[in-house]
1. Could you work out the relative contact order of the range 306-436, using alpha carbon pairs under 8 angstrom and six or more residues apart, expressed as a whole percent?
2. What FRET efficiency, computed as 1/(1 + (r/R0)^6) with R0 = 60 Å and r the Cβ-Cβ distance, is obtained for residue 424 and residue 59, rounded to the nearest 0.05?
3. For the range 328-384, which GluC sites (Glu not before Pro) are in a loop by DSSP, counting at most 16 other Cβ atoms within 10 Å?
4. Once you put a point 7 Å from the Cα of residue 443 and another 7 Å from the Cα of residue 71, both along the Cβ direction, what distance in nm separates them?
5. Can you give the extra length, in nm with one decimal, that the chain gains between residue 275 and residue 245 once fully stretched, where that is 0.36 nm per residue apart less the Cα-Cα distance?
6. How many angstrom separate the Cα center of the range 421-443 from the Cα center of the range 333-407?
7. Using a Cα distance threshold of under 20 Å, what count of lysine pairs results for the chain when pairs must be 8 or more residues apart or interchain?
8. Where does each of 393, 406 land when they are ordered by accessible area, with a 1.4 Å probe and the largest first?
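The values are calculated or read from the model by the stated rules, or taken from the named source; none is laboratory data. Since the structure is predicted, the reported quantities are computational estimates derived from the model, not experimental observations. Because the Cβ atoms are built from the backbone with ideal geometry, glycine has one as well, and the counts that use them run over all protein chains shown. The accessibility values were calculated without ligands, DNA or RNA, using every heavy atom of the protein model including side chains. Shrake-Rupley method; radii C 1.70, N 1.55, O 1.52, S 1.80 Å.
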Amino acid sequence: MDALLGPREELERQTVYFAPPEYLNDPMEGMRLIYWRGDRITWRNLLRHYVICLQNRVFQALLRNQTERLNPQSIAVFQSLDNLPTPEARALCEACIEAVEGGELHAALLDLLANADRNVSFSELQRLLRTVHLDWLGAMHNIFCQRGLAQQTEPMSDPPRGLVDSLRAFKAAVPTLQDQTSDVRIEFFHEIGNLIGEQMVLLSVSQLAEVLEPKRESLFFDFPTEYLNNLIKLIYPPWYVACFSAQHDNAAMWSYYAENHQGCCLVFATHETGSRRKLRLNGPTGYGSDGISCHTTNPTLQPVRYSSEEHRIEFFTNIGRLPFNQTMRNWFQDDAGTTSPLADHLSDERQEEWRDGYWEKFAPPLLRKLRDWEHEQESRIILSDILNIRGTDEGRTFTYDYDTLDGIIFGINTSLSNKVRIMRIIDTKLADRSVSRPFKFYQAKYNPRSGRIEAHHLGLLRHEEQ
């Protein structure tokens, strides 16, 4: 009810809001299982990208109080040596890269990954980055101190010999593991390793709880996982969703979507084009002479599939949000200009085929939810932000006209005063309604005989006549 009648005035303004995934109530929304299959060039570039993002994260930390947690979404995955703001910033970043790449730990990790002729899972890469993270962070801290950008602490020591030896031992053991077991078991091995690592961190930190500030926690412990979670931004543009249900009689949905039955259910009329159902909306669609322009569109309502099916996507060959030259230079070429064979999909002959397949894989994960949500019978309108116009609430707010709004169902606990306020708003709006279908009000009531919530037509004749 607050959304309809509160500061957003969604009923008066006739708005439909497209929410980002972090606003949705299921953390598995849109989940893709990313894996990596690279060669020495692409792995070296990923590790370099990690260093670039980490040194940017150190800058962010220097500008924050100890009590401030670093925003997980602010990791600068679009940063590269090419787009740093000043020559001084580039020189600092290059010094951090040189300090990390000159270390034995970097060489051991790169050798392990470059020789991994297999799919490297999120769990495995997460575990490996956690292994080197504190050492690389210390190397960068020394560079910042040398330039007077941070306070000097104890000089950084060489990484424990055991870390280098463990990476090399794992590299030697992987071929045998692959021969003797399945990829699923290897993935399980890394998941167990991550779980043990998290428990060890939790145990260690619990003894330092009084001195572990949120900023240090973000920088020291959370960064490797947050970095990998943010890498998907380089694959697909942000997406936003408006959610609709095919039913109005589920008590649980009235409870958690309509504030314990105090809200309302809006009934929309769709129109069919072939086998597709569409809803007429007006909103931001592109750029015009005066900035962002709005037009009427007919987006498709796509049904959600309820299953535990996994959507897997390889990272290197699906980087789709960077300019072509930047993708080649920063991900598929080394310092000498040698191009990785993995860039074959970007050749003139294959680009169109690759682009078609790339977009075919975009929507399916966004239209899948676990079977636990099957009672919602949901359909969605999905927007992608290819043109970078949806970064604000205004950029993802659309309007409907009252030809498409067919009725309103009052909840069991909707207050009398709110019903009257809604009816008065509708009274002023219906004058512009041009369709012959009457606008109807309903009251939700529980029927003990059927065990369902039913919508009873209120028969407010003056509204139906309009």
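1. Answer for the range 306-436 is 24 percent.
2. Computed FRET efficiency for residue 424 and residue 59: 0.65.
3. Filter output for the range 328-384: 349.
4. 4.7
5. Additional length available on full extension: 9.0 nm.
6. When both Cα centres are located, 35 Å separates them.
7. 6
8. Listed by decreasing accessible area, they come as 393, 406.
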